[in-house]
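Asks: Pasting a structure below so you can have a look.
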Amino acid sequence: MIHHPIIKVALPVPLPQLFDYLQAEDGSLTPVGSRVLVPFGRRKLVGMVMGHVTESSLSPTRLLRIIRPLDQSEPLLDSDLLELLEWCWKYYKHAPGEVVLSALPPALRKAEGKLPAPPVHYFLTQAGRERLEQPAGRQKTQYRMLETLAAGARAAEALVGIGSQWRKTLARLMEQGWVEQSPAATDPPVFAPGPQLMDGQQKAVDKISRDLRHFHCHLLDGITGSGKTEVYMRLMEEVLARDRQVLVLVPEIGLTPQLLRRFRQRLGLEPAVIHSGLSQGQRLEAWAEARAGRAHLVVGTRSAAFTPMPKVGLIILDEEHDVSFKQQDGFRYSARDVAVKRAAQLNIPVVLGSATPSLESLHNAFAGKYAWHRLRERATSASLPRWRVLDLCQQNTFHGLSATALEAMREAIEREEQVMVFLNRRGYAPVLMCQQCGWYGSCDRCDARLTWHRSAGLLWCHHCGSQKRVPELCPDCAADDLMGAGEGTQQLEEALEQHFPGIPVLRFDRDRTRGKGVMAMQLAEVMKGETCLLVGTQMLAKGHHFPKVTLVVIVNIDQALYSSDYRALERMGQLLQQVAGRAGRMEMPGTVILQTLHPEHPALELLLTRGYEAFARWLLEERRVAGLPPTGYQALLRAEAHQRSDVEKFLREAIELFPQGEALAHGPMPAIMERMGGRSRMYLMLLSPSRTSLHRQIDQWLLSLRNLPSSRKTRWAIDIDPYDQ
């Protein structure tokens, strides 16, 4: 054993451990929470210091030195965030270094990455004011910059464009002593008055406000249009007034523009935004502002749950039920559960908001673990939309739309209203097939059919991303008789343009909104209130407020009714309620037309006649009988390989090694989509009535799994609290 300071370092490698290093040559001991550059095999890796110890299990001769520390001034991450990350790698059974480094913005995962300099303001000195009293002379550009600064301190952005070389001009003014800089002060929020709260909203605000100084989890269960965002903002005002920070998590980037606009208008501040659609520089700047406490409000998607915020006083998750909050590969964490854990650790409240809460959150609310705030009236006093269920067995259809639906759309257009058509299939058609021999385009690497994207001339796999050119003739029989089967959003857009000439059709799906600014531009078009048709996938269902939409047509959701995934009915119910909630949100009444081949299905009937809460209670009872989450606890051992036999062998050997206890292992089972990306995918399902037993048995099991020779031929991982089978 050795007795010099040893530094425990987390490295971004798929190994279940921290690594021991000696301090740098200069003898300095790098603080915990700081990045270091270390040798690792033949590579040099950026790691995070997690602790200091005096002993190592390795001999002194095997320990290497840190090459150099990367954060000179202070640690990047504080002890609270490091404690949260340690909980994450232990709970989710993932490699520590991959968990820790994923909490950093991409720019800081590189050795050359560093925090941006804090923002500064430039202001005139007394000498600068005296210079302004003299004629400009030949230095007209310098003089213009001095005049700009005479009105008050300015950030560098305000000086851009004053001359072609404004940076050199500014540097020259500072050399002369006419201009100096100081750290930019953050402007305090300026709250604008909000609307009069309804009784339900006021009660929710009052009850949550009493808990603002300690941890409690609050479920804000409000029907669509009930004013959940206004409740958020009243709570945010109280927290921001105490000079604390607020973290708001949203499931998708598409929701952020509308929320940001409302936050700016009401709270009088510019939120820091963190999501994957930003450049590395933008993400780093927002992260640094949050870390320094200068950003009062941080709005972000899943990964923003790990943003360092020294003064955070409230965490809000909007649309908490959304599956986007669960990372489905790599470090498979739930941002909702991480947010609740972080709030408990920091002793601050967390608010989970949804019109269709997840069964997990409702289960906790029913059990009294979460405070349950129910908003059952629309804030605009608008009535809930009326449902019409159309049996497609008795209807002729035009590109998937029944004559009844088309007639209702025509009537809404004549009233100069807006109509939303929901179809959760992008592309032109779900499949391209030959009318002569029955050939259809299928993915060579997945158990999936290729979606026909006609405008791009491509057959596209929406699972692995592979693409093929559309063949001119049938590859099997050479017939010139290829046609699309079924409808996608592109085909629906084209058909509606033909059926309703002169009426704008706006398509919202991942293909159309991929371009920068397209989503915001189309949303702005809708908000003008002019008559139009909106066609889209589930990105239209989430959180948008369209005052002029009075009719929603749901083309088909039948695939969820008989899915082998036990969560499919829950997701279907949530999606139907969310889509329906876009209709009739203001004074004009709303109607929802649901087209289905199974109008008599008991789940559908219960949802539409008795509402989401009764539907959720029914599902919870089914889960309780089956021992499935949230009444039981689940994990999956996922495995994949190019050869199915390798996956099966590993999983059969793995199940033999599963320790005895309350948790039981079942399988091997093929994934719902067994082949994806050229690899066979299977899993073992682990179920237990006790979370503690499940984790204890998995921890024992992992030691033996890593020693199985067959594990080296597969890619495998534990998925705790999985969302997909």
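Asks: Would you pick out the residues in the stretch 9-46 that are small (Gly, Ala, Ser), in contact with a helix residue (DSSP H, G or I) (Cβ under 7 Å, 6 or more places away or on another chain) and farther than 23 Å from residue 718 by Cβ? Working first, answer last.
Replies: Taking the stretch 9-46 first, the residues small (Gly, Ala, Ser) are 10, 24, 27-28, 33-34, 41.
The next check asks that each one be in contact with a helix residue (DSSP H, G or I) (Cβ under 7 Å, 6 or more places away or on another chain); those that pass are 10, 33.
Answer for the stretch 9-46, where residues must be small (Gly, Ala, Ser), in contact with a helix residue (DSSP H, G or I) (Cβ under 7 Å, 6 or more places away or on another chain) and farther than 23 Å from residue 718 by Cβ: just 33.
Asks: Still on this structure, I have one more. Could you please give the count of residues in the stretch 271-302 that are within 23 Å of residue 327 (Cβ to Cβ), surrounded by fewer than 20 Cβ atoms within 10 Å (Cβ to Cβ) and of a type in the set (Gly, Ala, Ser)?
Replies: The qualifying residues number 3.
Asks: Next up: Please go through the stretch 399-416 and pick out each residue that is part of a helix (DSSP H, G or I), among the small types (Gly, Ala, Ser) and farther than 14 Å from residue 503 by Cβ.
Replies: First, pick out the residues of the stretch 399-416 that are part of a helix (DSSP H, G or I): 403-414.
This time we only want the ones that are among the small types (Gly, Ala, Ser), so: 403, 405, 408, 412.
Hits for the stretch 399-416 are 403, 405, 408.
Asks: Can residue 572 be described as assigned to a helix (DSSP H, G or I) and either modelled with pLDDT under 85 or over 25 Å from the mean Cα position of the chain (by Cα) (or both)?
Replies: Details: assigned to a helix (DSSP H, G or I): yes; either modelled with pLDDT under 85 or over 25 Å from the mean Cα position of the chain (by Cα) (or both): no.
When the stated conditions are applied, residue 572 does not pass them.
Asks: Moving on. Residue 190 is checked against (1) touching a helix residue (DSSP H, G or I) at 6+ places or on another chain (Cβ under 7 Å); (2) at pLDDT below 90 and fails just one. What number does that condition carry?
Replies: Answer for residue 190: the failing condition is (1).
Asks: Identify the residue in the stretch 566-625 that is under 24 Å from residue 412 (Cα atoms) and basic (Lys, Arg) and, among all such residues, is surrounded by the fewest Cβ atoms within 10 Å (Cβ to Cβ). Give the steps one after another, and end with the answer.
Replies: If we filter the stretch 566-625 for residues that are under 24 Å from residue 412 (Cα atoms), which is where we start, we get 575-596, 608.
Still in the running and basic (Lys, Arg): 582, 585.
Values: 582: 27, 585: 22.
Checking each candidate, the answer is 585.
Asks: Continuing with the same structure: Does residue 703 qualify as being closer than 24 Å to residue 89 by Cα, at pLDDT 95 or above, aliphatic (A, V, I, L, M) and not assigned by TED's automatic domain parsing to the domain that holds residue 95? I'd like the intermediate steps shown before the answer.
Replies: Numbers: closer than 24 Å to residue 89 by Cα: yes; at pLDDT 95 or above: no; aliphatic (A, V, I, L, M): yes; not assigned by TED's automatic domain parsing to the domain that holds residue 95: yes.
For residue 703, the condition - closer than 24 Å to residue 89 by Cα, at pLDDT 95 or above, aliphatic (A, V, I, L, M) and not assigned by TED's automatic domain parsing to the domain that holds residue 95 - is not met.
Asks: Can you name the strands (runs of 3 or more DSSP E) wholly within the stretch 255-330 that have at least 2 residues being more than 22 Å from residue 101 (Cα to Cα) and of a type outside the set (Asp, Glu)?
Replies: Working: elements: 272-274, 297-300, 312-318.
Answer list for the stretch 255-330: 312-318.
Asks: Taking residue 188, is it surrounded by fewer than 13 Cβ atoms within 10 Å (Cβ to Cβ), in contact with a strand residue (DSSP E or B) (Cβ under 8 Å, 6 or more places away or on another chain) and more than 23 Å from residue 342 (Cβ to Cβ)?
Replies: So residue 188 fails the test.
Asks: Also: Can you work out which of the residues in the stretch 109-120 that are modelled with pLDDT of 85 or more and out of contact with any helix residue (DSSP H, G or I) (no Cβ under 7 Å at 6 or more places or on another chain) is farthest from residue 45 (Cα to Cα)? Explain how you work it out, then say what you get.
Replies: To start, the set of residues in the stretch 109-120 that are modelled with pLDDT of 85 or more comprises 109-116.
If we keep only those that are out of contact with any helix residue (DSSP H, G or I) (no Cβ under 7 Å at 6 or more places or on another chain) too, we end up with 110-112, 114.
On the way: 110: 8, 111: 8, 112: 12, 114: 15 Å.
Looking at the filtered set, the residue picked out is 114.
Asks: Okay, moving on. Name every residue in the stretch 358-400 that is at pLDDT below 90 and either outside the structural domain of residue 572 (by TED's automatic domain parsing) or within 32 Å of the chain's Cα centre (by Cα) (or both), in order of residue number.
Replies: 376, 377, 378, 379, 380, 381, 382, 383, 384, 385, 386, 400
Asks: Taking residue 49 as the residue in question, decide whether it is outside the structural domain of residue 706 (by TED's automatic domain parsing), assigned to a loop (DSSP other than H, G, I, E, B) and closer than 16 Å to residue 104 by Cβ. Please lay out each step first, then the result.
Replies: Values: outside the structural domain of residue 706 (by TED's automatic domain parsing): yes; assigned to a loop (DSSP other than H, G, I, E, B): no; closer than 16 Å to residue 104 by Cβ: yes.
Spelling it out, it is not the case that residue 49 is outside the structural domain of residue 706 (by TED's automatic domain parsing), assigned to a loop (DSSP other than H, G, I, E, B) and closer than 16 Å to residue 104 by Cβ.
Asks: Given the structure, is residue 194 more than 20 Å from residue 312 (Cβ to Cβ) and not assigned by TED's automatic domain parsing to the domain that holds residue 341?
Replies: Details: more than 20 Å from residue 312 (Cβ to Cβ): yes; not assigned by TED's automatic domain parsing to the domain that holds residue 341: yes.
It is true that residue 194 is more than 20 Å from residue 312 (Cβ to Cβ) and not assigned by TED's automatic domain parsing to the domain that holds residue 341.
This table checks each residue for (1) farther than 30 Å from residue 48 by Cα; (2) outside any strand (DSSP E or B); (3) not basic (Lys, Arg).
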{"position": "104", "(1), (2), (3)": "no, yes, yes"}
{"position": "107", "(1), (2), (3)": "no, yes, yes"}
{"position": "117", "(1), (2), (3)": "no, yes, yes"}
{"position": "123", "(1), (2), (3)": "yes, no, yes"}
{"position": "131", "(1), (2), (3)": "yes, yes, no"}
{"position": "135", "(1), (2), (3)": "yes, yes, yes"}
{"position": "142", "(1), (2), (3)": "yes, yes, yes"}
{"position": "149", "(1), (2), (3)": "yes, yes, yes"}
{"position": "162", "(1), (2), (3)": "yes, yes, yes"}
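Asks: Please specify each residue of the stretch 644-675 satisfying the condition of being aliphatic (A, V, I, L, M) and more than 21 Å from residue 94 (Cβ to Cβ). So that I can check it myself, show each step before the final result.
Replies: Residues of the stretch 644-675 that are aliphatic (A, V, I, L, M), as a first pass: 647, 651, 654-655, 657, 663-665, 669, 671-673.
Selection gives 655, 664, 669, 672, 673.
Asks: In the stretch 465-478, which residues are in contact (Cβ under 8 Å) with a residue 40 or more places away in the chain and either at positive phi or in contact with a strand residue (DSSP E or B) (Cβ under 6 Å, 6 or more places away or on another chain) (or both)?
Replies: Listed by number, the list holds a single entry, 474.
The values are calculated or read from the model by the stated rules, or taken from the named source; none is laboratory data. Quick caveat: nothing in here was measured; it's all calculated off a predicted structure. Here Cβ is always computed from backbone atoms with ideal geometry, including for glycine, and neighbour counts include all displayed protein chains.
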